[in-house]
Amino acid sequence: MKPNIFVKDKVAIVGAGLTLFRRRLLETPRELAWEAAREALNSAGLTLKDIDCIVVGSAPDAFDGIHMKGEYLADGSGGFNKPLVRVFVGGGTGVMVPAVAWWHVASGLCKTVLAVGEEKMSHAYPHPQGVFAYIWDPILERPLGPNLIWIFALEMRRYMHVCKASKEDIALVSVKNKRNALDHPAAQAAANITVDDVLKSEVLVWPVQLLDISPVSDGAAALVLASESVARRVTDTPVWVEGIGVTTDNTHWFNRDLAYPRYLEYAARMAYKMAGIERPWKEIDVAEPYDPFDYKELHHIEGLMLARRCEAPKLLREGYFDRSGELPTSPSGGLLGVGNPIAAAGVMKVAELFWQLRYEAGARQVKKPVHKAVANAWGDLMQVGTVVVLST
Amino acid sequence: MSLWKKSRVVDVIHVEGRMETEKYVYTPGLAGVKVAEALIEGKIMGVRCGGELYIPAKTYCPDHSEGELVEVRGPWVIKSYTIVYEDMYGEKLDKPVVVALLGIEGARGGLIHYVDVDPDKVRIGLKVEPVFKPREERRGLITDIMFFKPVEHS
């Protein structure tokens, strides 16, 4: 299968870095960006002098409470005397960041890109939920007093109904991811919990309970992307970005299929086509599906076509998605376990696949040999899907 | 139809909204905490990376290298200035306020602050010095410096 676009330069990830993910960090957003960027550069054996262009990803300005946050974060992300672009597609930002970095390099415009995702959600008081409340349509929805979890509760309930999935099935995702995160040095919400713990946790917006949800977090993550010629010079183990995909479904969520993430299937098809992948369920070795909620990982496994529709809960029960399983998902611990500083969380997922494909994930390394990997993120008005396919 | 043509917005059906974020609590950061502590001591900090000194102080320098926090001492010099006559609501101020970009020799960057000087006397190159609040009133904020004032010629 031929790639569907003209690519001037092949693109590789050559470095990755993370800060700790925590509820309230002392660092300023800029300092978080700087820490992650510095670690990514160090891991690539490069300095800022070697970087041509900067991509910064961050979700709403209102989280950090700083308007023009991308420009603010330029300082710390290395955006000094270089071209810089800020990427913002809500929760989808984290995987949009490497996708945009990819097109900077693939186009031939830049040989090297430093790509940074940052979020500091602890600035907003009393809770960043107050910011989320204003993504709603001001005429049809806001007068009802919704909060963000309403969408997820209705989606989860619809998925349970259509796929005949139980709360127990879905809780297993939280159990798996929080357990995986025990091996992640940056993790905020790692734990050994049981399905029973999830089912007994505080009910927020039925059927969503406290342990079904990822935490509110501060943190940053960064990647270094390079053209083939640079990548081969700086590392023996480049991780190639083989495909990217971006799709938006209907912006009005009443008009979407809540049981199935169509936004993701279309984005995934775009990325797989570029990567020459025809049977993702056989060809993908390890995946980081976006998991801000436990049911969302199942949703996204199906949208990524790693399982048939409604089949993910059954495979999960059989251990298929465990680190030792046939297709490990969220070996990092995901957003449920490592934490969810929005834009940084998606970049963290791509960083995890970078480490997995280089066999550098330490205690988190999956059992099976790995060659091809996929990550996705989701968000904006819950209609955007972003996908990156990696390979060695 | 423009709402501006109506005398009052309530003449048309509408929905009012207010972001339910009561406030933001910004942490000063790793370097910022030390800078704040220095302000309480009546000191202004910069950051040194290699041979370069930058103001204001941060954890890192523009070249991305980790910096060393150092106290910077005057004399401060006005590099540019403006004179403010109205507040943000367009109300005339009782007395014009001089705001200046201040730097010191040998350092890049600088600080923005008020200068207590007659608007007729302000000029680029004027030497000034900080006037701090009394020690017990300092909170580690940039406003612990009340203003800068011209250095007295003795």
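Here, each number is a calculation from the coordinates, and none is a lab measurement. Since we're looking at a predicted model, the values are computed, not measured. In this analysis, Cβ positions are derived from the backbone assuming ideal geometry, glycine residues included, and neighbour counts consider all displayed protein chains.
At a glance:
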item: Chain B: Cα Rg divided by the 2.2 N^0.38 Å rule of thumb; result: 1.40
item: Relative contact order computed over the stretch A:342-391 (Cα-Cα under 8 Å; 6+ residues apart), in percent; result: 33
item: Per-residue mean of C-beta atoms belonging to partner chains within 10 Å, peptide B:54-64; result: 4
item: For the stretch A:209-368, convex hull volume per residue from C-alpha positions, Å³; result: 136
item: Euclidean distance between Cα centres, the stretch A:24-94 to the stretch A:234-250, Å; result: 19
item: Rough spin-label spacing in nm, given labels placed 7 Å along Cα→Cβ, for B:Leu141 and A:Glu168; result: 5.7
item: Per-residue Cβ neighbour rank within 10 angstrom, fewest leading, A:Lys8, B:Lys58; result: A:Lys8, B:Lys58
item: Burial ordering of A:Trp378, A:Trp150, A:Trp206, fewest other beta-carbon atoms within 10 Å first; result: A:Trp206, A:Trp150, A:Trp378
item: Convex hull per residue volume in Å³, alpha carbons only, for the stretch A:137-288; result: 186
item: Two-site label geometry, A:Val85 and A:Asp137: point separation in nm, points 7 Å out along Cα→Cβ; result: 3.1
item: Which of A:Thr47, A:Thr28, A:Thr329, B:Thr59 has the fewest Cβ neighbours within 10 Å, and the rest in rising order; result: A:Thr47, B:Thr59, A:Thr28, A:Thr329
item: Between helix B:29-40 and chain B: long-axis angle, C-alpha atoms, 0 to 90°, nearest 10; result: 70
item: Debye log10 I(q)/I(0) for the stretch A:23-178, one point scatterer per Cα, at q = 0.11, 0.14, 0.19, 0.20 Å⁻¹; result: -0.59, -0.86, -1.14, -1.19
item: Euclidean distance of C-alpha centroids, the stretch A:175-193 and the stretch B:90-154, integer Å; result: 51
item: Estimated FRET transfer efficiency when R0 is 56 angstrom, pair B:Lys149-A:Phe254 (beta carbons, to 0.05); result: 0.35
item: Inter-chain shielding of A:149-157 (mean C-beta neighbours from other protein chains, 10 Å cut-off); result: 0
item: Nitroxide proxy distance, nm - points 7 Å out along Cα→Cβ at B:Val97 and B:Val131; result: 1.5
item: Theoretical FRET efficiency, 1/(1+(r/R0)^6), r = Cβ-Cβ of A:Leu26 and A:Leu148, R0 30 Å, to 0.05; result: 0.65
item: DSSP bridge orientation in the protein assembly as shown - percent antiparallel, rounded to nearest 5; result: 80
item: Spherically averaged projected area of chain A from its Cα convex hull (nm²); result: 17.2
